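As structure tokens, the structure follows; a few thoughts come after it.
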Amino acid sequence: QVQLVESGGGLVQAGGSLRLSCAASGRTGAWGWFRQAPGKEREFVGTISWSGGNADYSDSVKGRFTISRDNAKNTVYLQMNSLKDEDTAVYYCAARRAFGFSYRDVDYDYWGQGTRVTVSS
């Protein structure tokens with residue numbers, strides 16, 4: 001069983017940046033990031049293929065967030081720039097055994113514990 005450990009959350013002012021990291025205890029395929037804001041359902045943020053050659057994002061973060069991965073370290077990153085109040089949420093990384101990325105949380109086999117991001121205005 002692969003375990004995912006997230007880090008990097010915290011409090012940041014609107015317009016600022018944060019980078020989240022998620023390290024896996026073993027090899028994985030594609031990665032995804034999801035988030036859940038207070039009182040809302042979990043939503044898709046972004047995803048990246050095993051090779052890193054393909055990535056996609058939700059419209060709400062496109063152009064502001066970037067996912068990257070380091071396969072040698074079994075780690076994925078979520079660089080978040082120009083943060084807004086509405087980005088406040090618990091962020092979850094997820095990994096799947098398959099190499100292709102996915103927008104659906106049900107396609108992911110492993111999940112991180114979540115890390116809280118709070119954006120203050």
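Structure values in brief
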{"read-out": "Residue among Ala55, Ala37 that is in contact with an Asp or Glu (Cβ under 8 Å, 6 or more places away or on another chain) and farther than 14 Å from Ser21 by Cα", "value": "Ala37"}
{"read-out": "In the stretch 63-121, the residues that are in a strand (DSSP E or B), of a type in the set (Gly, Ala, Ser) and under 24 Å from Gly39 (Cα atoms)", "value": "Ala89, Ala94, Ser120"}
{"read-out": "Any hit, the stretch 93-101, residues being more than 21 Å from Gly26 (Cα to Cα), at pLDDT 95 or above and not hydrophobic (A, V, I, L, M, F, W, C)", "value": "no"}
{"read-out": "Pick from the stretch 1-33, criterion without any contact (Cβ under 8 Å) to a residue 60 or more places away in the chain and assigned to a strand (DSSP E or B), ranking: nearest to Asp87 (Cα to Cα)", "value": "Ser21"}
{"read-out": "Filtered residue count, the stretch 80-100, keeping only those that are over 21 Å from Ser121 (Cβ atoms) and either without any contact (Cβ under 8 Å) to a residue 24 or more places away in the chain or open to solvent by 60 Å² or more (accessible area, probe 1.4 Å) (or both)", "value": "2"}
{"read-out": "Residue that is least open to solvent (accessible area, probe 1.4 Å) [pool: residues in the stretch 25-46 that are more than 13 Å from the chain's Cα centre (by Cα) and closer than 19 Å to Ser68 by Cα]", "value": "Gly29"}
{"read-out": "Qualifying residue in the stretch 80-92 (condition: at pLDDT 95 or above, of a type in the set (A, V, I, L, M, F, W, C), in contact with a Cys (Cβ under 6 Å, 6 or more places away or on another chain) and closer than 14 Å to Glu6 by Cα)", "value": "no"}
{"read-out": "Qualifying residue in the stretch 55-66 (condition: at pLDDT below 95 and either among the small types (Gly, Ala, Ser) or crowded, with 20+ Cβ neighbours inside 10 Å (or both))", "value": "no"}
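The values are calculated or read from the model by the stated rules, or taken from the named source; none is laboratory data. Since the model is a prediction, treat every value here as computed from it, not as a measurement. For neighbour counting, all protein chains shown are included, and Cβ atoms are generated from backbone atoms with ideal geometry for every residue, glycine included. We work out accessible area using only protein heavy atoms, side chains counted, and drop any ligands, DNA or RNA first. Shrake-Rupley method; radii C 1.70, N 1.55, O 1.52, S 1.80 Å.
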